[in-house]
Each structure stands twice: as C-alpha cells, then as structure tokens.
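For reference, the structure discussed in these notes is given below.
Just so it is clear, none of the values below were taken in a lab; they were calculated from the coordinates. These numbers come from a predicted model, not from an experiment. Positions of Cβ are generated from backbone atoms using ideal geometry, with glycine treated the same way; all protein chains shown enter the neighbour counts.
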Amino acid sequence: MRSCTGIILGADRHRLVLQSGTDEIRLELTPDTRVWYGGRTGLEALRPGREAIVRPRDDGPGVDRIWVDITRVTGTILSRGQDAIEVDAGPHRAHTQVLLPRQALERVLVRHPQLEPGHLIDVIGTRSPDGTLAARPGTAQPWHPAATVQAAGPLHGTATWSDLGHRRGAAYPAVDPEGDSGGCPDARAGCVALPYLSLGHDLIVRNSCTERAAAVPVVQCGCVAARFCDRCVECGTSPRGRLVELSPADYADLGGDLDTGCFNVTLEVSR
C-alpha cells in the first residue's frame, strides 16, 4: 500500500476512516502508530473534517505515521507583525500569512534568526482559518538574502515537500521557461546547475537516507525552491541546494517524515 491522503470521517483506537476522492478507506491502527498535529500527539487529533496524510508500515499491516492538517510555507518574507509574518510563496502559490505563537516562535528563531522582509523562510505547521499556524522550522535559514545564490554541486542535495494542490508529483526548480514547457519567465537562476525540463518529465528521486527510489513526474515549477542554498543533515550533510519539492504523499513514500522537513537526495533525469 502507498501513502494516502484524505479527509477524516472517523477514528477510534483500532481504525481510521478516510474519504479519499470518491473512495472510503479504512486503515488499521496499532499501538505503534504515531500521530503528528503540530507536534507528537495522540489519537484525539484524528477529528472528522481534518485532512490526514497516512504512511503504512513496511513490515506488515497497519499504519506507521499520520500527519494531521500538516502544511508548509516556503518563500520570501514580505512583512512582519507582532505575531505573524506575510510570505511571498512565489508565482504558483499565493501570498500567505504565517502565525507565530510564542512557543513556536522560539523554535523558529533558533534556525531562522532573520525574520525580516527580504529574507527566506521555511516553516512547517498546521492549517487554520487565519493562515498557517507555525509549529517548527522546515530547515535552517540560508545565510543569504533571497536575491543571492551561490554555486553548488549538481544532482546531489536536498529534497523537501510542499502542498501541490492534492496532486502527486514534484515541483522542479528548473522548468524550461521557453514555449509551453511550463516554466517561469522571470525565475532567478538557481543555487544548483540543473538541466531544463518540461512539465510531465519524470525524475528519478532517491532518498539517500533510506535508499528508496521512485520515478516522480514534474507537475509544477519550483522556482521558489531555487532560491534556497541550504543543506539537509538527515544522514550526513548534503551539498547546498534544493533539487526537488515532492508532494506530501510522494515524500512519505520515499521514507521522509513530513515533520522533519527534508532528506538528502540523489536526483536523476529520466531519459
């Protein structure tokens, strides 16, 4: 069974019921099932109406991890108020507000000390009616402002995840801007020298930490990811640069934990 996404219809200590498209999915819960809702929590977070991303166990029936209403905001800070910031998430994603409750702000500032306009930000949190409620930083803040990038080695770097409108697939930082390939005409040069591709092209994505690999189609231009020259340290230290943003389900399938935010990756272009 692959990872799946759906709206919670009901749950008890033995079973989770999801509505996924037109299908109703029943999933077995075990004492080892872990639930995340702004942090590690219990089954009380599995309330009807919330969205869940579920990863099955590798070694038998049942659910390994459940992430409830998890979301991520990656982009450039536009403005900062007392307890919220406005973020430009790029041309494919709307401007969004990130709420910073005190307990989360302390965690975010450890890895994102520059919460000022013009600096990059990457936070993981939960959905709320007023915006994303920050829970933790997605990765460490790059040392450079958004307009500055440095060179890095190609095809080895960082994989992250992003909400892609409930689609599976990947956002790729170097979608060809010419013709009808789907790229952004005004996108800045990225941190990593990547080949231009068109939407629909397959990437071979390998999690260097778990050695899981899969062919993942490019479904969106990832021009915001190109601005980040950071590293992932999940299993050793990756070269600088984000190579791919995966859908939450694809990220979980490859062994990544959504609340961790990244894994070291090797990327190959399918011919």
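A few points about this structure:
- Burial ranking of peptide ranges 162-172, 81-91 (average Cβ count within 10 Å, highest at the top): 162-172, 81-91
- Secondary-structure-derived ellipticity at 222 nm for the chain, considering helices only, amounts to -1500 deg cm²/dmol, per-run term -39500 (n - 2.57) for DSSP H runs with n ≥ 4.
- With a cut-off of 14 Å between beta carbons, the residues surrounding Val216 carry a summed charge of 0, where Lys and Arg count +1 and Asp and Glu -1.
- With Cα atoms, 0 to 90° folded angle of helix 102-111 axis to the chain main axis: 40 degrees
- Residue order, fewest to most surrounding Cβ atoms within 10 angstrom, among Thr260, Thr132: Thr260, Thr132
- Under 5 Å between amide hydrogens, built in the peptide plane, is the criterion, and for Arg57 it picks out Gly62, Val63, Asp64 among residues at least 5 positions away or on other chains.
- Once the Cα gyration tensor of the chain is diagonalised, semi-axes √(5λ) in Å: 29, 23, 17
- Ranked by how many other beta carbons lie within 10 Å on average, peptides 59-65, 92-98 from highest: 92-98, 59-65
- Of the GluC sites (Glu not before Pro) found in segment 163-250, those in coil by DSSP whose Cβ has at most 11 other Cβ atoms within 10 Å are Glu178, Glu211.
- The label point for Gln103 and the one for Tyr196, both projected 7 Å from the Cα toward the Cβ, are 4.9 nm apart.
- Each label point was placed 7 Å from the Cα along the Cα-to-Cβ direction; for Thr41 and Met1 their separation is 2.2 nm.
- Extension gain, Arg57 back to Arg167 (0.36 nm per residue minus Cα-Cα distance, nm): 37.4 nm
- Projecting label points 7 angstrom from Cα along Cα→Cβ for Asp83 and Leu155 puts them 5.0 nm apart.
- Length available on full extension from Cys235 to Arg111: 0.36 nm per residue minus the Cα-Cα distance, which gives 42.8 nm.
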